[in-house]
Amino acid sequence: MKSDALRGHLDALLLAVLDGGRLHGYAIIEALQQRSGGVLDLPTGTVYPALRRLEAAGLVTSEWSTVSGRQRRTYRLTRAGERALVAERTAWREFTTAIDGVLGGGPWPARA
């Protein structure tokens, strides 16, 4: 998938993946791949800066933990992140309905 197609949607995708609970960075990347059927294969250089941006905005929080002797940072949604995700999902449904109406030859009435 072209990276341009993701522009403006990355934050919503990350919030949606974190909706299921606490995940570390690589698990977030894997979840994006799995949920998209392998279409979304984002590099760490894209995901980690976005996670830091979401944390700075107060939408996610992180903490360090040690697993099998390795330090890793896990992320989870904040209450503000949960509200932002609801808003993103609503906006996405409206957007896809409108685009489908155009590209799919949908229900919009013809103009005279």
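The values are calculated or read from the model by the stated rules, or taken from the named source; none is laboratory data. This is a predicted model, so every value here is computed, not measured. Cβ atoms come from the backbone with ideal geometry, glycine included; neighbour counts cover every protein chain shown.
What do you reckon, is Glu88 touching a residue at least 24 places away in the same chain (Cβ under 8 Å) and in contact with a helix residue (DSSP H, G or I) (Cβ under 6 Å, 6 or more places away or on another chain)? Judged against the criteria, Glu88 is a match.
Residue count for the range 52-71 under the criterion of being farther than 15 Å from Gly21 by Cβ and surrounded by 16 or more Cβ atoms within 10 Å (Cβ to Cβ): the result is 3.
Among the numbered conditions (1) in a helix (DSSP H, G or I); (2) modelled with pLDDT under 90, the only one that Glu88 does not meet is (2).
Of all residues in the range 51-85, those satisfying the criterion of being in a helix (DSSP H, G or I) and either under 15 Å from Leu13 (Cβ atoms) or more than 13 Å from the chain's Cα centre (by Cα) (or both) are Leu51, Arg52, Arg53, Leu54, Glu55, Ala56, Arg79, Ala80, Gly81, Arg83, Ala84, Leu85. So Gly37 ticks every box in (1) loosely packed, with under 10 Cβ neighbours inside 10 Å; (2) modelled with pLDDT of 90 or more; (3) on the phi < 0 side of the Ramachandran plot but one. Which box is left unticked? Every condition holds for Gly37 apart from (3). Within the range 16-50, the set of residues being touching a residue at least 24 places away in the same chain (Cβ under 8 Å), part of a helix (DSSP H, G or I) and among the aliphatic types (A, V, I, L, M) comprises Ala16, Leu18, Ile28, Val47, Ala50. Taking (1) in contact (Cβ under 8 Å) with a residue 40 or more places away in the chain; (2) assigned to a helix (DSSP H, G or I) in turn, Val102 satisfies each apart from (1). Scanning the range 84-103 for residues that are surrounded by 12 or more Cβ atoms within 10 Å (Cβ to Cβ) and more than 30 Å from Gly58 (Cβ to Cβ) returns Asp100, Gly101.
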